[in-house]
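Below is one structure, written out as structure tokens; the observations come after it.
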Amino acid sequence: MKHADYMEMLPAAALDALDAAERRTLDVHLATCAECRIELEELRAVTALLAYEAAPVAPPAALRTRLLAQLKATSQTPRAGSNGAAGSTPGMDTPAAGAPNVLPFATPARTRARGIFGVRPLVVLGTLAASVAIAALAISLAVLWAQNRRLQTDLARLTQNLHEMQQTLTVVRAERELLAAPDAHTTALAGTEFATTARARLTYDERTGRAVFVATGLPAPPPGKAYQLWFIANGKPLPGNIFTTDASGRAEVRQEIPTAGRHAQIFAVTLEPQAGVNAPTGQMYLKSAA
């Protein structure tokens, strides 16, 4: 289980709502996780206060009438010795016929038979109200926890998007500065018979050698192969960076052209071994005009 899964179990644990297996699993985790122990203690403290937060509940208006009717319907037990029977105490008046007797204290069995309204109804109703409040809090905590997890996921995604946008912005600024350089040059490359729809553009600063190469329409190189950029000056090819394409056939390369290659008459791209070579050996896929 992940740490987040244990955190989700804490609200239920604070309410003693976990089954035995879940409780054992959580106890093992709590033994080594101080964060979850602190969180559980705080949740239990909040739960303990709920009984004091529950508003007093007044009993229904008809409750007194129902209780009195129940008492009247209860069978009466005659006192020993009444109506002159043997065992009567001398000197004591015998109640008149039909007079109600004093009811004895209810036995435990009779008390249970009366149901929850037979034992301190205000306390019972207050306890029920507190239970409802605790259940509502547990549901609220679960909802808030789920919302918090969704917000954390959204924040992580937005942070990643922001990072990618910052990287893109950095690249755009670098290309803009390169294009604005007084010694900047841009050369177009066209596809050969091996990639007739391929196109590319090489922008570089003749003074510093900073270069950006962007190609489209190139086929994906086979396993173990990669494309390599070449700077051909006075008939001598100088190796550039190796690269591959994405699923759409697009590639983007940034590098610093060596001094000897900054005055190249031809720029080309060939298909070479993945590690690159010092002299071209493969087919040419892109080439600039001479």
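Please give the Cα centre distance for segment 199-273 versus segment 144-174, rounded to the nearest Å.
32 Å
Which loop-located trypsin sites (Lys or Arg not before Pro) does segment 199-252 contain, where loop means any DSSP state but H, G, I, E or B and the Cβ has at most 14 other Cβ atoms within 10 Å? If you can, show how the numbers build up before the last one.
Values: sites: R199, R201, R207, R210, K225, R250; in loops: R207, R250.
Passing sites in segment 199-252 are R207, R250.
Once a ≥ b ≥ c are taken as the square roots of the eigenvalues of the Cα gyration tensor of segment 211-271, is the result rounded (a/c under 1.5), prolate (a/b larger than b/c) or oblate (a/b not larger than b/c)?
Numbers: a/c = 2.42, a/b = 1.89, b/c = 1.28.
It is prolate, given that a/c is not under 1.5 and a/b is the larger ratio.
According to the square roots a ≥ b ≥ c of the eigenvalues of the Cα gyration tensor, what is the shape class of segment 127-239, taking rounded for a/c under 1.5, prolate for a/b larger than b/c otherwise, and oblate for the remainder?
Numbers: a/c = 5.64, a/b = 2.94, b/c = 1.92.
Cα axes put segment 127-239 in the prolate bin.
Taking amide H positions as placed 1.01 Å from N in the peptide plane, with prolines and chain starts having none, which residues 5 or more places from G276, or on another chain, fall under 5 Å of its amide H?
Result for G276 returns nothing.
Bear in mind that the values in this text are calculations on the coordinates, not laboratory data. Given the structure is predicted, the values throughout are model-derived calculations rather than measurements. Cβ coordinates were reconstructed from backbone atoms using ideal geometry, including for glycine residues, and neighbour counts include every protein chain displayed.
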